Amino acid sequence: MGKSLYIAEKPSVAQEFAKALKLKLNRKDGYLESEDAIVTWCVGHLVTMSYPEEYDPSLKRWSLETLPFIPEQFKYEVIPAVSKQFKIVSGLLNRPDVDTIYVCTDSGREGEYIYRLVEQQAGVHGKERRRVWIDSQTEEEILRGIREAKDLGEYDNLSASAYLRAKEDYLMGINFSRLLTLKYGNSISDYLHTKYSVISVGRVMTCVLGMVVRREREIREFVETPFYRVLSTIGETDESFEGEWKAVEGSRYFESFDLYKENGFKEREKAEELVSYLTDPLPVTCQITAIEKKKEKKNPPLLFNLAELQNECSKRFKISPDETLRIVQELYEKKLVTYPRTDARVLSTAVAKEIHKNLNGLMKYEPAVSYLQEIVSFGSHKGLAKTRYVNDKQITDHYAIIPTGQGIGTLKSVSSLSAKVYDVIVKRFLSIFYPAAVYQKVSITTKVKEESFFSNFKVLAEAGYLKVANEENQSQEKSADQKMFERVNALKKGMMLPVSAFEIKEGKTSPPKRYNSGSLILAMENAGQLIEDEDLRAQIKGSGIGTSATRGDILKKLFHIKYLSLNKKTQIVTPTLLGEMIYDVVEHSIRSLLNPELTASWEKGLTYVADGDITPEEYMQKLDHFIVSRTMGVKGLNNQGQLRACYDRSAKFYKKK
């Protein structure tokens, strides 16, 4: 019987597989070997797509005549910096004594692609290939993955979608970057007084640039509007509360053109007119016309996927998305958490059945012990499978990021920031075993003459999961003072109360908020919509822009090429002048690249290929048509002169240094 070869994505992962297999492995150059097994590794990508000049040396020179460039057969080559490891891996894959290959690269589209390129370049034939698909790097999970490894052929659709994603990025990048640089590069370099300008374009990157530039321009064009609200002070001096006037039905201002929304006036004079009317005669009293008491439940949030964790860490620790990914990848490799590059925010039924193992393991993590004792007393972990936190239909490759309950000892070796990120993941996980937080709410309507005033009070009755959620979350929940709440609770409908004062409060409309690195990742996940409400985000989640594995890197590239700027302290993202100029170029040439819905539909198409709903040929046909039609369209344009006015409009907002 021949040997089994295990191939991982990087050396550290290969090491974990070697440990789990418990074999007497001898260290060789670039691999480990025992009597019946070999463990080797890639170092990320070993093979890449060849540049156009590999097809024809004349293509090294950029020229409009050679565009669009769409090869009939794509060429690939070994990356020079890792050619030594490729030779080692290629030799092992083709060794006559190896009959079974276990593919242990990352369980996702990119991991699949890394292995398939190596196999293709190495010309592997006649071997049994099995795919190891795991959710964490614990010994137990590695052994399960090897035991249940499926034939690699079952992942051919995923592989096809990975190849297509790479071809799409390659074709759009090469064709559109060359096309726009040749057509508009001089207009940018002349304006900025630089030697030359290369215009970098990408399927996802350009779309994200568009989101940030559009937001900046909305803020610039925003006109602040003042409005005037009328507030009443109700009750005795030491027991008073506030009421807010609204022009509801029955009010003399109902549906008046003088209103700004229903709770304010456009002009101060109108607010003063209302106050004069209400204070004649003095003293003023009001009658309670309605009291509504209700309980409001707030459920623990869904678990973290990568985008949600990146957003949380950006808000809490002011770190960039790629820094969060680096940290959570480190935690994954130390067996502390499950696979990080996931879009799911729920668990699978299979994991829910074994969840006691994660909880038991966390008993070694001191900050979790008191919560775990409470969870045991609730017994809530037994019914987890029936909750909204478990849903097999919402999981594509991997379930949500949760602590494994293992590797706690390695926390001593990580940075304090990494330990804090781990704690955030643990607390989010533990909170799903707690009941909802319960608020008691009282809404009171009072009337002076025919004008209505509204008062709302809210107090936390039962902390529920907020006990676990970090203090930051609790401080965001504004609650009424308990004594005040008790006094309000004693009020009855029909009661007459004194009104000691009316106050006019000036407010101003607010411009849209700038993106920060975390909210931008969320907006990318939701195809350009920044949805603040956490539950709503979960409902509309479909296909986003980019993937959980690539979004942080795309932002990093936009900062690196100076199209976007990141304030490291606040994590606020703004465009640069160059970024705005590139936006104007794309808007006047291939505007559809700026459309988040279109970009998301390309991503959805790749998902259809991975699911077997459409063929790679159908997808490639659409892609070819898109590249050809847009390239020919831009070739026919002669609008460089119009762009100077666009550049001028943006330039005045950037100080010359």
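The values are calculated or read from the model by the stated rules, or taken from the named source; none is laboratory data. Keep in mind the model is a prediction, meaning the values are calculated, not measured. Cβ: placed from backbone, ideal geometry, glycine included. Neighbour counts: every protein chain shown. Side chains are part of the model used for accessible areas, which takes the heavy atoms of the whole protein and leaves out ligands, DNA and RNA. Shrake-Rupley method; radii C 1.70, N 1.55, O 1.52, S 1.80 Å.
Among the residues of segment 61-76, those identified as part of a loop (DSSP other than H, G, I, E, B) and in contact with a strand residue (DSSP E or B) (Cβ under 9 Å, 6 or more places away or on another chain) are PHE74, LYS75. Restricted to segment 324-340, and to residues there that are among the basic types (Lys, Arg) and in contact with a Gly (Cβ under 6 Å, 6 or more places away or on another chain), the residue that is surrounded by the most Cβ atoms within 10 Å (Cβ to Cβ) is LYS334. Taking the conditions exactly as written (part of a loop (DSSP other than H, G, I, E, B) and either touching a residue at least 40 places away in the same chain (Cβ under 8 Å) or in contact with a Ser or Thr (Cβ under 6 Å, 6 or more places away or on another chain) (or both)), does ILE288 satisfy them or not? No: the conditions fail for ILE288.
Identification of helices (runs of 4 or more DSSP H) wholly contained in segment 544-657 with 3 or more residues that are under 13 Å from LEU209 (Cα atoms) yields 551-560, 577-587.
Entry remark, segment 448-457: residues being farther than 19 Å from PHE485 by Cβ and crowded, with 17+ Cβ neighbours inside 10 Å number 3 in total.
Yes/no per residue for (1) farther than 23 Å from SER200 by Cβ; (2) within 20 Å of the chain's Cα centre (by Cα); (3) loosely packed, with under 14 Cβ neighbours inside 10 Å; (4) at pLDDT 95 or above:
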position	(1), (2), (3), (4)
GLY579	no, no, no, yes
VAL586	no, no, no, yes
LEU594	no, yes, no, no
LEU598	no, yes, no, no
GLY605	yes, yes, no, no
ASP611	yes, no, yes, no
ILE614	yes, no, no, yes
GLU617	yes, no, yes, yes
SER629	no, no, yes, yes
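Taking the numbered list (1) open to solvent by less than 40 Å² (accessible area, probe 1.4 Å); (2) in contact with an Asp or Glu (Cβ under 9 Å, 6 or more places away or on another chain); (3) modelled with pLDDT under 80; (4) closer than 30 Å to ARG220 by Cβ in turn, ASN470 passes all entries but (4). Entry remark, segment 473-494: residues being over 33 Å from the mean Cα position of the chain (by Cα), part of a loop (DSSP other than H, G, I, E, B) and either surrounded by fewer than 16 Cβ atoms within 10 Å (Cβ to Cβ) or at pLDDT below 85 (or both) number 6 in total.
Report yes if some residue within segment 61-73 is over 27 Å from THR607 (Cβ atoms), of a type in the set (Asp, Glu) and open to solvent by 60 Å² or more (accessible area, probe 1.4 Å); otherwise report no. Yes; the residues of segment 61-73 include at least one that is over 27 Å from THR607 (Cβ atoms), of a type in the set (Asp, Glu) and open to solvent by 60 Å² or more (accessible area, probe 1.4 Å). The C-beta contact set for segment 407-427 (first residue more than 14 Å from GLU330 (Cα to Cα), second residue of a type in the set (Gly, Ala, Ser) and in a helix (DSSP H, G or I), distance under 7 angstrom, 6+ apart or interchain) comprises VAL426/ALA368. Among the residues of segment 99-143, which ones are part of a strand (DSSP E or B), without any contact (Cβ under 8 Å) to a residue 60 or more places away in the chain and under 13 Å from ILE7 (Cα atoms)? Within segment 99-143, ARG129, ARG130, ARG131 meet the criteria.
In a loop (DSSP other than H, G, I, E, B), in contact (Cβ under 8 Å) with a residue 24 or more places away in the chain and exposed (fewer than 13 other Cβ atoms within 10 Å of the Cβ) - does that describe any residue in segment 77-92? No - not one qualifying residue is present in segment 77-92. The lone criterion from (1) under 30 Å from GLY111 (Cβ atoms); (2) modelled with pLDDT of 95 or more; (3) surrounded by fewer than 22 Cβ atoms within 10 Å (Cβ to Cβ) left unmet by GLU354 is number (2). Please verify whether ASP151 is over 20 Å from PRO11 (Cβ atoms) and touching a Lys or Arg at 6+ places or on another chain (Cβ under 7 Å), treating the condition exactly as stated. For ASP151, the condition - over 20 Å from PRO11 (Cβ atoms) and touching a Lys or Arg at 6+ places or on another chain (Cβ under 7 Å) - is met. Among the residues of segment 357-383, the ones that are surrounded by fewer than 17 Cβ atoms within 10 Å (Cβ to Cβ) and of a type in the set (Phe, Trp, Tyr) come to 1 in all. The set of residues in segment 384-427 that are assigned to a helix (DSSP H, G or I) and open to solvent by less than 40 Å² (accessible area, probe 1.4 Å) comprises LEU384, ILE408, LEU411, SER418, ALA419, VAL421, TYR422, ASP423, VAL424, ILE425, VAL426, LYS427.
Taking first residues from segment 559-576 that are open to solvent by 60 Å² or more (accessible area, probe 1.4 Å) and partners that are part of a loop (DSSP other than H, G, I, E, B), the Cβ contacts under 6 Å between residues at least 6 apart in sequence or on separate chains come to LYS562/THR576. Only a single criterion out of (1) open to solvent by less than 70 Å² (accessible area, probe 1.4 Å); (2) in contact with a strand residue (DSSP E or B) (Cβ under 8 Å, 6 or more places away or on another chain); (3) farther than 30 Å from LYS493 by Cα is not satisfied by GLU267, namely (1). For segment 210-259, a tally of residues being farther than 30 Å from ALA490 by Cα, without any contact (Cβ under 8 Å) to a residue 12 or more places away in the chain, open to solvent by 60 Å² or more (accessible area, probe 1.4 Å) and assigned to a loop (DSSP other than H, G, I, E, B) returns 4. Answer with yes or no whether ASP238 is among the charged types (D, E, K, R), out of contact with any helix residue (DSSP H, G or I) (no Cβ under 7 Å at 6 or more places or on another chain) and under 30 Å from GLN287 (Cβ atoms). Yes, satisfied. Counting only strands (runs of 3 or more DSSP E) that sit wholly inside segment 3-60, those with at least 3 residues that are in contact (Cβ under 8 Å) with a residue 12 or more places away in the chain and either open to solvent by less than 10 Å² (accessible area, probe 1.4 Å) or closer than 20 Å to TYR113 by Cα (or both) are 3-8, 37-41, 47-49.
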